Amino acid sequence: MRTSHGALLLVVAMVMAMLSTGICNAPAPAPGKEEFPPEYRCSKVLYSSGCNDKTLTTCENKCFNQLKGDGLCIRGACQCSYMCKPPPGDI
């Protein structure tokens, strides 16, 4: 085996070891947690009454369909949290 093949095999083995230990794996955001800072998120009340545990699915669906956001029932109102300003691109 040539030296370059041996070095390549060593690099592949090291990458595989790092992936299996989780060193290179970024943790997934917890459910309900935004992956972007709050300054890129907006909130809008879609309707001000009639939102409860029984109608939560309706609130979630309307929010996603209208604003691609996450709907929650808060004090009877359907509040939609959505991305309103794109975050800065990677430099």
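The values are calculated or read from the model by the stated rules, or taken from the named source; none is laboratory data. The shown structure was predicted, so the numbers you read here are calculated from the model rather than taken from an experiment. In this analysis, Cβ positions are derived from the backbone assuming ideal geometry, glycine residues included, and neighbour counts consider all displayed protein chains. Remember, those area values only see protein heavy atoms, side chains included, never the ligands or the DNA or RNA. Shrake-Rupley method; radii C 1.70, N 1.55, O 1.52, S 1.80 Å.
Restricting the search to region 53-79, which residues are assigned to a strand (DSSP E or B), open to solvent by less than 90 Å² (accessible area, probe 1.4 Å) and within 15 Å of residue 38 (Cβ to Cβ)? Talk me through it step by step, then tell me what you get.
Restricting attention to region 53-79, the residues satisfying the condition of being assigned to a strand (DSSP E or B) are 70-74, 77-79.
Those left that are additionally open to solvent by less than 90 Å² (accessible area, probe 1.4 Å): 71, 73-74, 77-79.
Once the filter is applied, which keeps residues that are assigned to a strand (DSSP E or B), open to solvent by less than 90 Å² (accessible area, probe 1.4 Å) and within 15 Å of residue 38 (Cβ to Cβ), region 53-79 yields only 79.
None of 10, 19 is open to solvent by less than 90 Å² (accessible area, probe 1.4 Å), in a helix (DSSP H, G or I) and at pLDDT below 95 except 19.
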